[in-house]
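Following: one structure in structure tokens, then a few remarks.
The values are calculated or read from the model by the stated rules, or taken from the named source; none is laboratory data. Treat the numbers as computed from the prediction; the structure is a model and nothing was measured. Backbone-built Cβ (ideal geometry, glycine too); neighbour counts: all protein chains shown.
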Amino acid sequence: MYESAFWSSPVLRSVMPVVESSRHVWTDPDEVERVADWLAYEPLAWPEATAALDTPLARDSLTDFLMLVNSLNFAFSDFATGVKFEAERGGRWWSDSDGLNACLLNALDAGIPVTDGRWMSGASVADLEHVFAGSIRMPMLEERAAILNAVGAVLVDRHGGRWSGWLRSCAPAMYAGGDGLLERLPAEFPRFRDVSTYDGREVRIFKLGQLALWQLHAAHRAAGDFAVTDLGDMTAFADYIVPVALRLMRILGYSDALEQRIAAGIEIPRDSEEEIEIRAHTLHATALLTEAVNRRRPADDQVVIPRIDYRLWKTYHATSWPHHLTRTTMY
């Protein structure tokens, strides 16, 4: 166990004390091996740039779009009813973050410059109600407006109003002695500072920051325009959906009390023991699963953790199985 190089990544090191002292969530290593016995032989595809992306975007425009998406990529279920946000594009209804993508692309088609820092810095709740017209009111619109305003102000002040300008100013690695993408992103843009405290220790999870870099890598890799050079240090993206997949596969186990609260749609507070443990075990379990999968695959067909994450998210993100509800802007 723990023979892979990715166990030394800063995020995995940060969550391990939570995993080792959890009181509400656990990971079953026997179930990890059982799932790996069949999952290892799936193709484990790379993600599309965005599921709803049907309009080609040039390199910088694609970077601007993906970073905008990840600035707003959180909380798509109504906290009172559990109903997920959906939006229409191209004669099809898109759920969850795919619905977010659809709305933003619809806005660009309509001439609304949503990827421009100047527009972001002045966007109002009413503007976002118009952009995110869908099956239900997009949850947490007020928080989304505040995030856009703050992000847009930094982009205008330091990076020419464009996320692509920020990307070019960083070293092309997550960690680079302070100049890395995942080092600078939460420092310059607090909305990406996904940090909790558990038993007095700081726990760094950085879901949206890592997801943004993964999507940039995956979107640009075919053209060779951009690559994260230390992709092997990337973890899974601790959200609402991947824990559901791991729970349905019996890799994760929950205490009876936590299971009942999730099933009943009772909110699990941000930074509670239960919420931090769900997220920490999500990262730990997907790393274990990646390691087990790679032991079964040829040396020339190894996978990184985010490809396992994508397989789980893609299959289960529209499932009716209840996920934990936490009011947060971090996922």
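For this structure, a couple of remarks:
- Here Met67 clears all of (1) closer than 24 Å to His323 by Cβ; (2) crowded, with 17+ Cβ neighbours inside 10 Å except the condition numbered (1).
- Residue, surrounded by the most Cβ atoms within 10 Å (Cβ to Cβ), within segment 104-122, restricted to residues that are in contact with a Lys or Arg (Cβ under 8 Å, 6 or more places away or on another chain) and not small (Gly, Ala, Ser): Thr115
- Here Gly232 meets the list (1) free of Cβ contacts under 8 Å to residues at least 12 places away in the same chain; (2) not in a loop (DSSP other than H, G, I, E, B) almost entirely, failing just condition (1).
- Residue that is nearest to Val69 (Cα to Cα) [pool: residues in segment 99-117 that are assigned to a loop (DSSP other than H, G, I, E, B) and not aliphatic (A, V, I, L, M)]: Thr115
- Restricting the first member to segment 183-200 and to residues that are in contact (Cβ under 8 Å) with a residue 12 or more places away in the chain, and the second to residues that are part of a strand (DSSP E or B), the beta-carbon pairs closer than 7 Å and six or more apart or on different chains are Ser196/Val203; Thr197/Val203.
- Pair list, Cβ under 8 Å, 6 or more apart: segment 243-265 residue over 18 Å from Ser22 (Cα atoms), other residue small (Gly, Ala, Ser): Gly265/Gly82
- Selection count where residues are in contact (Cβ under 8 Å) with a residue 24 or more places away in the chain, assigned to a helix (DSSP H, G or I) and more than 22 Å from the chain's Cα centre (by Cα), scope segment 118-137: 4
- The set of residues in segment 180-204 being surrounded by fewer than 16 Cβ atoms within 10 Å (Cβ to Cβ) and farther than 19 Å from Thr329 by Cα consists of Asp199, Gly200, Arg201.
- Among the residues making up segment 282-331, a single one is of a type in the set (Phe, Trp, Tyr) and over 19 Å from Gln215 (Cα atoms): Trp321.
Residues checked against (1) touching a His at 6+ places or on another chain (Cβ under 8 Å); (2) assigned to a loop (DSSP other than H, G, I, E, B):
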{"site": "Ser22", "(1), (2)": "yes, yes"}
{"site": "Glu31", "(1), (2)": "no, no"}
{"site": "Ala36", "(1), (2)": "no, no"}
{"site": "Leu44", "(1), (2)": "no, yes"}
{"site": "Leu62", "(1), (2)": "yes, no"}
{"site": "Phe65", "(1), (2)": "no, no"}
{"site": "Asn70", "(1), (2)": "no, no"}
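- Matching entry among Gly177, Gly160, Gly209, Gly224 (being surrounded by fewer than 17 Cβ atoms within 10 Å (Cβ to Cβ), among the small types (Gly, Ala, Ser) and closer than 30 Å to Leu44 by Cα): Gly224
- Candidate set from segment 281-316 (those that are assigned to a loop (DSSP other than H, G, I, E, B) and in contact with a Phe, Trp or Tyr (Cβ under 9 Å, 6 or more places away or on another chain)); member that is farthest from Val19 (Cα to Cα): Arg297
- Exclusive hit being assigned to a helix (DSSP H, G or I) and more than 25 Å from Ala219 (Cβ to Cβ), set Ile278, Ile266: Ile278
- Among the residues of segment 70-103, the ones that are closer than 13 Å to Ala212 by Cβ and either surrounded by fewer than 22 Cβ atoms within 10 Å (Cβ to Cβ) or in contact with a Ser or Thr (Cβ under 7 Å, 6 or more places away or on another chain) (or both) come to 2 in all.
- Odd one out for Ser14, checked against (1) at pLDDT below 95; (2) in contact with a strand residue (DSSP E or B) (Cβ under 7 Å, 6 or more places away or on another chain); (3) part of a helix (DSSP H, G or I); (4) of a type outside the set (Asp, Glu): (1)
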